[in-house]
1. Among the residues of segment 202-240, what is the count of those that are at pLDDT below 95 and either among the β-branched types (V, I, T) or on the phi > 0 side of the Ramachandran plot (or both)?
2. Quick check on segment 260-275: of everything there that is over 11 Å from P113 (Cα atoms) and in contact with a helix residue (DSSP H, G or I) (Cβ under 9 Å, 6 or more places away or on another chain), which residue is surrounded by the most Cβ atoms within 10 Å (Cβ to Cβ)?
3. Out of (1) under 23 Å from D219 (Cα atoms); (2) in a helix (DSSP H, G or I), the odd one out for D181 is which?
4. Can you find even one residue in segment 265-281 that is in contact (Cβ under 8 Å) with a residue 12 or more places away in the chain, closer than 22 Å to K35 by Cα and in a strand (DSSP E or B)?
5. With respect to I119, is the statement that it is assigned to a helix (DSSP H, G or I), in contact (Cβ under 8 Å) with a residue 40 or more places away in the chain, of a type outside the set (F, W, Y) and farther than 24 Å from L180 by Cβ true?
6. Consider segment 184-218. How many of its residues are more than 18 Å from the chain's Cα centre (by Cα), part of a helix (DSSP H, G or I) and of a type outside the set (V, I, T)?
7. Looking at A153, A115, A188, which is the one that is surrounded by fewer than 18 Cβ atoms within 10 Å (Cβ to Cβ) and at pLDDT 95 or above?
8. Residues in segment 97-105: is at least one surrounded by 20 or more Cβ atoms within 10 Å (Cβ to Cβ) and more than 20 Å from the chain's Cα centre (by Cα)?
Amino acid sequence: MRAVIQNSVGDPDVLVIANQPDPTAKAGEVLVRVKAAGINPVDGAVRAGYFKLLGEPPFILGWDISGTIEALGAGVTGLKVGDEVFGMPRFPKQAAAYAELVAVPADEIALKPKAADHIQAGALPLAGLTAWQGLVRHGALKSGQRVLVHAAAGGVGHLAVQIAKARGAYVIATASPNKLDFVRKLGADEVIDYTKGDFTTQISDIDLVLEPMGGEHADRSLKVIRNGGVLVSLLNLSDATKALASARDIRVERMSVVPDREGLVELASLIDGNKLTVHVAKSFPLEQAGAAHAYLATKPIGKVALTA
């Protein structure tokens, strides 16, 4: 099979196409013919060596997949050869999704939403599960709550806005000037241009914040949360930030996304119910994985994907 490998950490040009042995499905696994693989910021951080998630190269990046089952390992039930599936297998261990074939645990994938093509489905899992788990599992989001989503035009953010709206929340979103209209079309009730003034002076009484930036930005987010509210952070928070939250009975949740078949099923249901759309800014063939990483670094709207 063809796969994108890297033998050293560095800039996007360390990603090269190469022939690799075909994987096989072990007990409890399925072999998937990959149609599309999503690219996420964590991929770039691992590629560049900033995040030693996979140790030292050589390795194959990628966790998001959408494709067709080619073979079943021993003991697999509920799936069959030919099923179209998607998922985020093995994270944070190596899944090797930037490839034509990938062997994955059967309980970490789900049937692909019928209303999404493979590129959309392949771009969905990591960002979608981050948004879902952050809002629903960690944030315990309830209908009628006021939710603040930062970076609302990004991969996680644009999905979080839609998920929160689908669950009956009043959604306030921050974005840059050229992305405001996109976020409004997602259904956000209020959109804030974060380049014009401090968002803490424009909103208040927030029940739940999805915070992807950490640091001083997290401290500012605390200012708009009501006493007893929730801050869900995608990054580590300082002891000082936690103390500020504790003083106002604000629950702080530091989350890391995990494989989640139930969450995938929920995301697929939202898509098939016309309540969630995955915006893919651009897709690239496997051979252009480096160019895809460089493009993602420009912070496009939505997601970026590879096609196999």
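1. Of the residues in segment 202-240, 2 are at pLDDT below 95 and either among the β-branched types (V, I, T) or on the phi > 0 side of the Ramachandran plot (or both).
2. Here the answer is G263.
3. (1)
4. Yes; the residues of segment 265-281 include at least one that is in contact (Cβ under 8 Å) with a residue 12 or more places away in the chain, closer than 22 Å to K35 by Cα and in a strand (DSSP E or B).
5. In short, yes.
6. As a first pass, look at segment 184-218 and keep what is more than 18 Å from the chain's Cα centre (by Cα): 184-185, 187-208, 215-218.
Okay, now just the ones that are also part of a helix (DSSP H, G or I), so 184-185, 199-201, 215-218.
Cutting the leftovers down to of a type outside the set (V, I, T) gives us 184-185, 199, 215-218.
Count: 7.
7. Values: A153 fails: surrounded by fewer than 18 Cβ atoms within 10 Å (Cβ to Cβ); A188 fails: surrounded by fewer than 18 Cβ atoms within 10 Å (Cβ to Cβ).
Going through A153, A115, A188 in turn, the sole match is A115.
8. Yes, the conditions are met somewhere in segment 97-105.
The values are calculated or read from the model by the stated rules, or taken from the named source; none is laboratory data. Keep in mind the model is a prediction, meaning the values are calculated, not measured. Quick reminder, even Gly has a Cβ in these numbers, built from the backbone with ideal geometry, and neighbours come from all protein chains shown.
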